[in-house]
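To start, the structure itself, in structure tokens.
The values are calculated or read from the model by the stated rules, or taken from the named source; none is laboratory data. Given the structure is predicted, the values throughout are model-derived calculations rather than measurements. Counting neighbours? That spans all protein chains shown, and the Cβs are built from the backbone with ideal geometry, glycine included.
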Amino acid sequence: MNASAPGWSVLARGEAHDVIVIDVTGSGVETARRNCSFAELSRIIVDAPSTHRWVWDDTPRWYPALLDAGIEVARCHDLRLCHAILRDSALVTDAAALRDAQAWSAPADAGTADDALFALDDDPRGVPDAPEEVIVEFARQQAAVASACDPERLRLLLAAESAGALVAAELHAAGVPWHAPTHEAILAETLGERPRGTALPSIVQSRADEVRAALGDPTASLDSQPKLLRALHRAGVPARSTSRWELAEYDHPAIAPLLVYKKLTRLLSANGWNWLSEWAADGRFRPTYVPGGVVTGRWASSGGGALQLPRQLRPAVRADPDWTLIVADVAQLEPRVLAAMAGDTALADAARGTDLYEGIVAGGVVTTRQEAKIALLGAMYGATTGDSGRLVPALRRAYPRAMALVDDAARIGEEGGVVSTWLGRTSPPPSGRWRALQAQASDADAGADDDTAARRSARDRGRFTRNFVVQGTAAEWALAWLADLRTRLAALPDVPPAEAAAASGPIFSRRAHLAFFLHDEIIVHAPRSQAEDAAAIVRESADRAARLLFGTFPIDFPLDLRITQDAAKD
DNA sequence: AGTGCCTGCGCG
DNA sequence: AAAGCGCGCAGGCACT
């Protein structure tokens with residue numbers, strides 16, 4: 001390889017455990033091919049310029065092993081993720097070849113995360129990794145991009161999505177610094193001392209006793225929804241469900257301790273001592289992130305409930321000694337994205353300060369911040385009734401362009417069409433079942449029930465496509481933020497070995513690194529000496545993401561950012 | 001014993 | 001059953 005020329009290399013798996021490195025031009029023309037060992041591959045990657053792009057079937061099958069060996073990859077093209085985008089994108093004029101290549105439509109498989117590359121058993125349930133198939137798929141994708149009506153946007157999306165795959169692997173490798181003693185203290189204070197065996201912690205048991213006493217039913221089951229419902233009925237509480245919101249409606253002495261009991265058992269079962277020993281025993285919480293796991297382009301996760309960490313446990317996210325956390329989230333990401341997409345300067349004006357909702361109040365559209373918030377959420381989610389639905393018309397008058405964008409997306413969805421994000425991720429077409437339901441309702445002999453069901457499913461789909469364009473574009477903004485952030489953090493110098501945070505692994509123990517990501521929020525774990533630099537990078541990356549997506553349109557994405565020891569909200 | 005659905009609740 | 005989007009997970013339960 002000519003180390004000075006930015007380029008592309010396709011990586012594939014050869015016989016036994018060797019790797020086939022195929023140098024290609026950006027348009028997919030093959031220029032050189034060779035076999036190598038893992039050690040040789042590591043050397044090739046380290047020696048390549050940072051602009052070189054590594055093309056591979058599936059990031060979780062390559063990158064974890066490289067990270068373990070201390071090798072970082074600057075740029076990649078993840079064929080599985082990009083296939084899914086290109087196959088469905090409305091920007092692509094001819095996706096037939098991609099749709100025919102069904103082997104590339106394998107869903108993300110968390111089981112490939114830790115083992116697949118160089119594993120002894122090769123039972124790849126995922127996408128193909130043989131050289132010929134990988135090369136052909138790459139060529140298909142390059143052709144699809146070239147044929148698109150806006151190739152640059154798609155290239156941006158594919159690069160961002162692939163960078164996200166790298167970030168996901170890095171987040172897993174580095175982990176969230178987790179302070180078990182703090183977690184245990186929260187559990188002890190909230191639930192009571194950890195019991196032996198299967199007994200309930202003392203405070204949980206006390207609340208259960210109170211509920212049963214108030215019900216006059218010493219054997220009432222509190223954990224089985226149907227049994228609890230019957231016990232409530234016997235005690236004169238005619239609830240139809242056992243959800244918190246409904247139970248709170250009733251005035252009965254069992255309700256208050258029951259609501260507490262439910263809250264405590266939730267903490268116990270979701271993030272109790274078992275969770276701690278299973279997921280954070282070594283001082284790091286390492287969830288498996290699943291880039292592209294949500295149709296809108298958001299990430300999903302599997303294992304440990306990474307995307308549901310209760311705020312209550314945030315204090316347990318704590319920097320290592322001599323390190324700090326930079327905790328940053330975007331204020332009102334989705335409405336800002338909507339303003340920019342729609343070119344709605346009135347909404348962008350409202351967003352000018354730090355609080356978009358206050359901006360809407362200041363514009364006289366509604367009278368309180370709370371109203372502004374539920375109105376805007378209602379507009380993006382498709383609320384039609386209640387407080388939210390009532391306030392939406394005021395928004396429609398004040399911000400006609402933004403509202404037209406989401407209203408159009410909803411109408412298209414109701415009619416069975418597809419909608420796209422800013423960079424070209426396109427919603428899936430309606431299912432056969434959905435189309436059949438609509439067709440049935442328009443039959444001459446359709447009954448009123450058919451009609452009702454069809455209208456309802458049409459509106460359901462409209463709310464989905466309405467939200468898709470906003471949620472999906474917000475996810476693109478977040479990917480752009482992450483991509484720039486990881487690159488710039490990677491350029492920070494290593495700190496002296498004495499300051500290393502050993503649990504973060506061979507790469508991330510020595511400099512600031514991403515530790516957590518959740519839709520519109522990131523946590524960076526940084527040596528104290530790098531905290532200010534890293535925080536500046538976090539802010540600058542947000543600005544660069546805004547410009548990358550929306551150019552000169554006057555919208556900003558202010559961060560709530562703090563440099564702290566732990567992630568508790570202060 | 002394994003599966004798949006339902007309810008409920010955590011997160012954005 | 002929080003009006004309205006997107007998720008994951010635990011526990012119970014009905015089914016095979």
**Q.** Test: residue in segment A:387-401 that is part of a helix (DSSP H, G or I), within 30 Å of A:GLU540 (Cα to Cα), modelled with pLDDT of 95 or more and under 26 Å from the mean Cα position of the chain (by Cα)
**A.** no
Q) Given the conditions (1) more than 16 Å from DNA strand B (Cβ to nearest atom); (2) within 29 Å of A:ARG311 (Cα to Cα); (3) in contact (Cβ under 8 Å) with a residue 40 or more places away in the chain, and given that A:ASP543 satisfies all but one, which numbered condition is not satisfied? A) (3)
Q) How about segment A:538-559: which of its residues are over 19 Å from the mean Cα position of the chain (by Cα) and within 16 Å of A:HIS519 (Cα to Cα)? A) A:PRO558
Q | Candidates A:LEU268, A:LEU276, A:LEU264 - the one that is near DNA strand C (Cβ under 8 Å from one of its atoms) and either farther than 29 Å from A:ILE522 by Cβ or at pLDDT 95 or above (or both) | A | A:LEU268
Q: Answer yes or no: is there a residue in segment A:237-249 that is touching a residue at least 60 places away in the same chain (Cβ under 8 Å) and either within 30 Å of A:HIS513 (Cβ to Cβ) or under 37 Å from the mean Cα position of the chain (by Cα) (or both).
A: no
Q: Pairs only if they're at least six apart or on different chains, beta carbon under 7 angstrom, first in segment A:551-567 and surrounded by fewer than 16 Cβ atoms within 10 Å (Cβ to Cβ), second modelled with pLDDT under 95; list them, first residue then second.
A: A:ASP560/A:ALA331
(Q) Show the residue pairs meeting these rules: Cβ distance below 6 Å; 6+ apart or different chains; first residue within segment A:284-296 and in contact (Cβ under 8 Å) with a residue 12 or more places away in the chain and among the small types (Gly, Ala, Ser); second residue part of a loop (DSSP other than H, G, I, E, B) and more than 14 Å from DNA strand B (Cβ to nearest atom). (A) A:GLY293/A:ALA108
Q: Could you tell me which residue of segment A:517-535 is nearest to DNA strand C (Cβ to nearest atom), considering only residues that are in contact with an Asp or Glu (Cβ under 8 Å, 6 or more places away or on another chain) and in a helix (DSSP H, G or I)?
A: A:ARG528
Q.
Could you check segment A:182-222 and list, in sequence order, the residues that are of a type in the set (Ser, Thr, Tyr) and more than 15 Å from DNA strand C (Cβ to nearest atom)?
A. A:THR182, A:THR190, A:SER202, A:SER206
Q | Verdict on A:ALA383 being within 19 Å of A:ALA409 (Cα to Cα), assigned to a helix (DSSP H, G or I) and within 29 Å of the chain's Cα centre (by Cα) | A | no
**Q.** Out of A:LEU258, A:LEU247, A:LEU307, sole residue that is modelled with pLDDT under 95, within 11 Å of DNA strand B (Cβ to nearest atom) and surrounded by 15 or more Cβ atoms within 10 Å (Cβ to Cβ)
**A.** A:LEU307
Q: Run A:HIS179 past the list (1) out of contact with any strand residue (DSSP E or B) (no Cβ under 6 Å at 6 or more places or on another chain); (2) more than 16 Å from DNA strand C (Cβ to nearest atom) and report the number of the one that doesn't hold.
A: (1)
Q: Identify, by number, the condition in (1) outside any loop (DSSP other than H, G, I, E, B); (2) without any contact (Cβ under 8 Å) to a residue 40 or more places away in the chain that A:LEU376 doesn't meet.
A: (2)
**Q.** Whichever residue in segment A:299-339 is part of a loop (DSSP other than H, G, I, E, B) and within 13 Å of DNA strand C (Cβ to nearest atom) and, among such residues, is nearest to A:ALA168 (Cα to Cα)
**A.** A:TRP299
Q) Do you know which residues across segment A:474-516 are aliphatic (A, V, I, L, M), crowded, with 20+ Cβ neighbours inside 10 Å and assigned to a loop (DSSP other than H, G, I, E, B)? A) A:VAL495, A:ALA501, A:ALA512
Q) Which of the residues that make up segment A:536-560 are part of a strand (DSSP E or B) and touching a helix residue (DSSP H, G or I) at 6+ places or on another chain (Cβ under 6 Å)? A) A:LEU559
Q | Count of residues meeting criterion [in contact with a Lys or Arg (Cβ under 6 Å, 6 or more places away or on another chain) and outside any helix (DSSP H, G or I)] in segment A:143-176 | A | 1
(Q) Just to verify a result, which residue in segment A:264-298, among those that are of a type in the set (A, V, I, L, M) and assigned to a helix (DSSP H, G or I), is farthest from DNA strand B (Cβ to nearest atom)? (A) A:LEU276
Q. Out of the residues in segment A:48-62 that are crowded, with 24+ Cβ neighbours inside 10 Å and either touching a strand residue (DSSP E or B) at 6+ places or on another chain (Cβ under 8 Å) or of a type in the set (Val, Ile, Thr) (or both), which is farthest from A:ALA160 (Cα to Cα)?
A. A:TRP62
Q: Quick one: A:GLU532 ticks every box in (1) away from DNA strand B (no atom under 16 Å from the Cβ); (2) crowded, with 22+ Cβ neighbours inside 10 Å; (3) over 19 Å from A:GLU170 (Cα atoms) except a single one, so which number is it?
A: (2)
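Here's the yes/no breakdown for (1) aliphatic (A, V, I, L, M); (2) farther than 30 Å from A:ALA342 by Cβ:
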residue	(1), (2)
A:ALA491	yes, yes
A:ASP494	no, yes
A:ALA502	yes, yes
A:VAL524	yes, yes
A:ARG528	no, yes
A:GLU540	no, no
A:GLY551	no, no
A:ARG562	no, yes
A:ALA568	yes, yes
Q. So which residues in segment A:245-261 are within 12 Å of DNA strand C (Cβ to nearest atom) and part of a helix (DSSP H, G or I)?
A. A:TRP245, A:GLU246, A:LEU247, A:LEU259
Q.
Restricting to segment A:357-408, name every residue that is among the hydroxyl-bearing types (Ser, Thr, Tyr), more than 16 Å from DNA strand B (Cβ to nearest atom) and crowded, with 19+ Cβ neighbours inside 10 Å.
A. A:TYR399
Q. Can you name the residue in segment A:223-235 that is surrounded by fewer than 20 Cβ atoms within 10 Å (Cβ to Cβ) and aliphatic (A, V, I, L, M) and, of all such residues, is nearest to DNA strand C (Cβ to nearest atom)?
A. A:LEU229
Q) Looking only at residues in segment A:428-472 that are among the small types (Gly, Ala, Ser) and in contact (Cβ under 8 Å) with a residue 60 or more places away in the chain, which one is farthest from A:GLY382 (Cα to Cα)? A) A:GLY472
Q: Any residue in segment A:326-342 that's surrounded by fewer than 24 Cβ atoms within 10 Å (Cβ to Cβ): show its pairings with residues that are of a type in the set (S, T, N, Q) and not in a helix (DSSP H, G or I) at Cβ separation under 9 Å, as long as the two are six or more apart or on different chains.
A: A:ALA331/A:THR354; A:MET341/A:THR421
